[in-house]
Amino acid sequence: MDEEKLLQYKMMFLDPDESDEFKKVMEEEEGEKGGKKKVEVPDYTKKYLGNESEYAVCLIKEIRTIFFAPLDTNPDQDQIRLMDHWVINTERGKEFVSVLKFFKHKLCDEDVQYFARFVKLARDADFSQEDRNRDREAKAMDICKKKIEKLNLVMKLVKVHYLFDGSRIMFYFTAPSKVDFRELVKQLASVFRTRIELRQIGVRDETKLIGGIGPCGMHICCNCYLTNFKSVSIKMAKDQNLVLNPGKISGICGRLLCCLNYENETYLCERKCLPEINEAVLYEGKKARVLSLDILKHRIKIMLEDESIKEVDAADLKQVKKEHENKPENR
């Protein structure tokens, strides 16, 4: 097993021999890329597919989910302003959202599940309805937890979400493996008399829903503004010269910090013009070896032939050409 993959195991607190467990975690991280179902495209979205249109990005704050609502679905486009609250119609029902931003977007098949249409600008009665839904969610949480305990199901309930019109209740949970929750759904449906949906989520999504304070002392990014998770690897931490300690580069979810992505492109760009660790270089005409790099400052720590150590600017170094370069071949 190569060093990078071994480190990836360690960052996930897994034994390298647990190949099945590792595969499951990686599928969770990558969203099971290979097993996506074909999305059925509703008739009312077909005119948008492949065409660029103006959209409003709408956020459901309680579950950190976004929807794209084309502005031309509202006859009074001038009414739509940033941070206003609206009731929108989605594939699963009506939702209460706030408008985050406007952007031009070309709709593709994968986006259809996040397609929405404006229904109305939220009024006082709608805000009251939303408050009632929050109270209902707290009660539904207690009821569901008791039923999970009674049925001896190995699962942890994370969040409950009522659709705005109460046509569906969504229960989000985590579990170490697949759970047969058919009996739970029946019992919940008999209590709430509405459509019930249970969704199993990963640890990153759990943290995203619950929120918390990150190692930086700020509210975690995924709960504040991130709407999806990008892939994060150990290589990013190595490229940024970070200490490869799980406690230092892992978030409160136990996975690699999402913020490793933020400056990764900058580090890769700056790194191109610097020598490699242990590479031979020339400093003031003397041979030296690279010990470490400060990538952003372009400062390099070197060891000279007399074993003295210096920290110098990258511009003061010259790379040593390898002996076999430009050497005529013996024939």
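Determine if the range 267-277 includes at least one residue that is under 17 Å from ASP239 (Cβ atoms) and hydroxyl-bearing (Ser, Thr, Tyr).
Taking the range 267-277 as the starting set, the residues that turn out to be under 17 Å from ASP239 (Cβ atoms) are 267-277.
So of that shortlist, the ones also hydroxyl-bearing (Ser, Thr, Tyr) come out as 267.
The answer is yes; a qualifying residue exists.
If you go through the range 250-268, how many residues are buried (at least 18 other Cβ atoms within 10 Å of the Cβ), of a type in the set (A, V, I, L, M, F, W, C) and within 16 Å of VAL203 (Cα to Cα)?
4
The rows are residues; the columns are (1) touching a residue at least 12 places away in the same chain (Cβ under 8 Å); (2) in contact with a Cys (Cβ under 9 Å, 6 or more places away or on another chain); (3) part of a strand (DSSP E or B); (4) of a type in the set (A, V, I, L, M).
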site: MET83; (1), (2), (3), (4): yes, no, no, yes
site: ILE88; (1), (2), (3), (4): yes, yes, yes, yes
site: SER98; (1), (2), (3), (4): yes, yes, yes, no
site: LYS101; (1), (2), (3), (4): yes, no, yes, no
site: LYS104; (1), (2), (3), (4): yes, no, yes, no
site: ASP111; (1), (2), (3), (4): yes, no, no, no
site: ALA116; (1), (2), (3), (4): yes, yes, yes, yes
site: LYS120; (1), (2), (3), (4): yes, no, yes, no
site: ALA125; (1), (2), (3), (4): no, no, no, yes
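Please enumerate the residues belonging to the range 139-155 that are out of contact with any helix residue (DSSP H, G or I) (no Cβ under 8 Å at 6 or more places or on another chain) and touching a residue at least 12 places away in the same chain (Cβ under 8 Å).
Restricting attention to the range 139-155, the residues satisfying the condition of being out of contact with any helix residue (DSSP H, G or I) (no Cβ under 8 Å at 6 or more places or on another chain) are 139, 141-142, 145-146, 149-150, 152, 154.
MET141, LYS145, VAL154, listed by residue number.
List the number of the failed condition for GLU62; all other conditions in (1) open to solvent by 70 Å² or more (accessible area, probe 1.4 Å); (2) modelled with pLDDT under 90; (3) within 30 Å of ALA175 (Cβ to Cβ); (4) of a type outside the set (Gly, Ala, Ser) hold.
(1)
Could you tell me how many of the residues in the range 198-225 are within 14 Å of LEU256 (Cβ to Cβ), open to solvent by less than 90 Å² (accessible area, probe 1.4 Å) and in a loop (DSSP other than H, G, I, E, B)? Before the answer, list the steps.
Here is the first cut: in the range 198-225, the residues within 14 Å of LEU256 (Cβ to Cβ) are 202-204, 207, 214-215, 220-222.
Now drop any that are not open to solvent by less than 90 Å² (accessible area, probe 1.4 Å), which leaves 202-204, 207, 214, 220-222.
If we keep only those that are in a loop (DSSP other than H, G, I, E, B) as well, we get 202, 214, 220.
The total comes to 3.
Criterion first (under 19 Å from PHE171 (Cα atoms), open to solvent by 10 Å² or more (accessible area, probe 1.4 Å) and in contact with an Asp or Glu (Cβ under 7 Å, 6 or more places away or on another chain)) does PHE96 satisfy it?
For PHE96, the condition - under 19 Å from PHE171 (Cα atoms), open to solvent by 10 Å² or more (accessible area, probe 1.4 Å) and in contact with an Asp or Glu (Cβ under 7 Å, 6 or more places away or on another chain) - is met.
If you scan the range 26-59, which residues turn out to be modelled with pLDDT of 55 or more and outside any loop (DSSP other than H, G, I, E, B)?
ASP43, TYR44, THR45, GLU52, SER53, GLU54, TYR55, ALA56, VAL57, CYS58, LEU59
The values are calculated or read from the model by the stated rules, or taken from the named source; none is laboratory data. It should be emphasised that the depicted structure is a prediction, and the values quoted were computed from it without experimental measurement. Because the Cβ atoms are built from the backbone with ideal geometry, glycine has one as well, and the counts that use them run over all protein chains shown. Ligands, DNA and RNA are excluded from the accessible area calculation, which covers all protein heavy atoms including side chains. Shrake-Rupley method; radii C 1.70, N 1.55, O 1.52, S 1.80 Å.
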